[in-house]
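I have placed the structure first, in the form of structure tokens, so that the comments after it can refer back to it.
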Amino acid sequence: MLENDFHHALAKAVNYCTRAEKCAYDVKNKLYEWGIVDEKTIRDIIEYLIANGYIDHSRYAQAFVHDAILLKKYGKIKIRYLLQQKRIETEFIEPALETIDSENYETLMREEIRKRLKKNTLDENTKQKLIRAMSGRGFETELVIKLLREMIKNGEQ
């Protein structure tokens, strides 16, 4: 790759990273999209971005967890899985997940359960569907069952 092409790709990558938090996986995919396939060039660009603070996996994991809870309303299991798919190290995932306020998390779960509850009788089939739906969104099955029981007991459905 020519030196001029490298600097052009680096400038595009810097611009890409300044618009929103990105991880190395995102940048690598974007570089491929732009037609940059030389592994050494990709590695050099990513190393530069990390060294200069454009990519920070700890910061990325924090932002990802925040957005996944607030905007997408995902549970911890799904968030962990999505971060692992982006090749974020566990040393960054776990501390980011620990920042989730447990009260707010349970409130979110209760809201999601209420959305899925029907006003008709809550039979066993409906409960199982609800538990599967919540598990599919990444919420812990045991916690879903516990909250569902509490909600039924308190007449919240």
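Of the residues in region 52-77, how many are crowded, with 17+ Cβ neighbours inside 10 Å, in contact (Cβ under 8 Å) with a residue 60 or more places away in the chain and in a helix (DSSP H, G or I)?
Count: 1.
Checking the structure you have, find out if any residue of region 117-139 is under 20 Å from the mean Cα position of the chain (by Cα) and aliphatic (A, V, I, L, M).
Yes, because at least one residue in region 117-139 is under 20 Å from the mean Cα position of the chain (by Cα) and aliphatic (A, V, I, L, M).
Which numbered condition in (1) at pLDDT below 95; (2) within 20 Å of Ile93 (Cα to Cα) is the only one that Gly35 fails?
Against the list (1) at pLDDT below 95; (2) within 20 Å of Ile93 (Cα to Cα), Gly35 comes up short only on (2).
So Thr121 passes all but one of these: (1) hydroxyl-bearing (Ser, Thr, Tyr); (2) at pLDDT below 90; (3) part of a helix (DSSP H, G or I). Which condition number does it fail?
Result: Thr121 passes all but (3).
For region 78-114, give me each residue that is outside any helix (DSSP H, G or I), of a type in the set (D, E, K, R) and exposed (fewer than 13 other Cβ atoms within 10 Å of the Cβ). If you could, list the steps in order and put the result at the bottom.
Of region 78-114, the ones outside any helix (DSSP H, G or I) are 86-89, 99-101.
In the following step, the residues that additionally are of a type in the set (D, E, K, R) were identified as 86-87, 89, 101.
Within region 78-114, Arg87, Glu89, Asp101 meet the criteria.
List the number of the failed condition for Glu47; all other conditions in (1) surrounded by 13 or more Cβ atoms within 10 Å (Cβ to Cβ); (2) in a helix (DSSP H, G or I) hold.
Exception for Glu47: condition (1).
If you scan region 137-157, which residues turn out to be free of Cβ contacts under 8 Å to residues at least 12 places away in the same chain, surrounded by 11 or more Cβ atoms within 10 Å (Cβ to Cβ) and not basic (Lys, Arg)? Step through it out loud before you land on a result.
From region 137-157, those free of Cβ contacts under 8 Å to residues at least 12 places away in the same chain are 141-142, 146, 149-150, 153-155; that's our starting set.
Right, trim to surrounded by 11 or more Cβ atoms within 10 Å (Cβ to Cβ) and you get 141, 146, 149-150.
Selection gives Thr141, Glu150.
Take the residues in region 6-21 that are open to solvent by less than 70 Å² (accessible area, probe 1.4 Å) and out of contact with any Leu (no Cβ under 8 Å at 6 or more places or on another chain); name whichever of them is modelled with the lowest pLDDT. Spell out the reasoning first.
Initial filter on region 6-21 (open to solvent by less than 70 Å² (accessible area, probe 1.4 Å)): 6, 9-11, 13-14, 16-17, 20-21.
Next, only the ones that are out of contact with any Leu (no Cβ under 8 Å at 6 or more places or on another chain) stay: 6, 10-11, 16, 20-21.
Working: Phe6: 87, Leu10: 94, Ala11: 95, Tyr16: 96, Ala20: 94, Glu21: 96.
Only one residue fits best here, namely Phe6.
The values are calculated or read from the model by the stated rules, or taken from the named source; none is laboratory data. Since this is a predicted model, take the numbers as computed values, not measurements. Every residue, glycine among them, receives a Cβ derived from its backbone with ideal geometry; neighbour counts consider all protein chains shown. The area values use the complete protein model at the heavy-atom level, side chains included, leaving out ligands, DNA and RNA. Shrake-Rupley method; radii C 1.70, N 1.55, O 1.52, S 1.80 Å.
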